[in-house]
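Down below is the structure, laid out as structure tokens.
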Amino acid sequence: MEQGLVVTQLDIQPGECIKVKGKILSDAKGFAVNVGKDSSTLMLHFNPRFNCHGDVNTVVCNSKEDGVWGEEDRKADFPFQHGDKIEICISFNETEATVKVAEVEFQFPNRLGMEKIEYLAVEGDFKVKAIKFS
Ligand SMILES: CCCO[C@@H]1O[C@H](CO)[C@@H](O[C@@H]2O[C@H](CO)[C@H](O)[C@H](OCc3cn(Cc4ccccc4)nn3)[C@H]2O)[C@H](O)[C@H]1NC(C)=O
């Protein structure tokens, strides 16, 4: 599988926004956007699943601390379709991370109390077109 996009050495502060623009592959099984300290310590693993790991059309969110996954949080909304061109906006504060996609907002607790985002990775069946930090 092609290695996805990875950005390190970031210094994203509370209230700032990471915008990931791209296209969901037409035969996507799933993709993930990870933000946190590094690949082993994630504030948020945002994982829309079309059909993988036993999930169909389900957004699974989780955290990861020192390589150990936390408790999964399955969301009710699934605002994604194969082939969609989308923009995902991620921001956070001391209590939660927020992911905005189209008109839908997902919240996930900032379980690790992270005070900045240093790491961004996009994995799976998603072709990144642009990244913007604001
Ligand atoms: C019921 C007992 C087994 O539970 C299952 O355990 C699996 C293994 O831990 C859970 O799947 C894992 O869930 C994690 C989040 O909690 C991550 O999503 C794990 O995937 C990490 C990962 C990303 N990637 C790259 C990637 C990402 C998206 C699409 C394609 C490749 N490769 N591996 C994924 O393997 C899966 O979500 C979990 N299912 C349930 C219902 O709990």
Practice item. Give, in nm to one decimal, the length gained when the segment between Lys132 and Cys89 is fully stretched (0.36 nm per residue of separation minus the Cα-Cα distance). Key: 14.6 nm
Point to revise | Within straight-line cross-link reach of Lys116, lysines at Cα separation under 18 Å, skipping those fewer than 8 residues along the same chain | key: Lys19, Lys37, Lys64, Lys132
Exercise for review: Using per-residue counts of other Cβ atoms within 10 Å, averaged over each peptide, order 54-63, 9-18 from highest down.
Suggested key: 54-63, 9-18
Study note, to complete from the structure: The simple spin-label model distance between Val68 and Val56, using points 7 Å out along Cα→Cβ, in nm, is 3.5 nm
Revision key, fill the gap. Taking only the alpha-carbon positions of the chain as identical scatterers, the Debye log10 I(q)/I(0) at q = 0.12, 0.13, 0.16, 0.18 Å⁻¹ comes out as -0.40, -0.48, -0.75, -0.98
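Any read-out appearing in this document is the output of simple, stated calculations on the displayed coordinates, not a laboratory observation. Here the structure is a predicted model, which is why all the values come from computation and not from measurement. Counting neighbours? That spans all protein chains shown, and the Cβs are built from the backbone with ideal geometry, glycine included.
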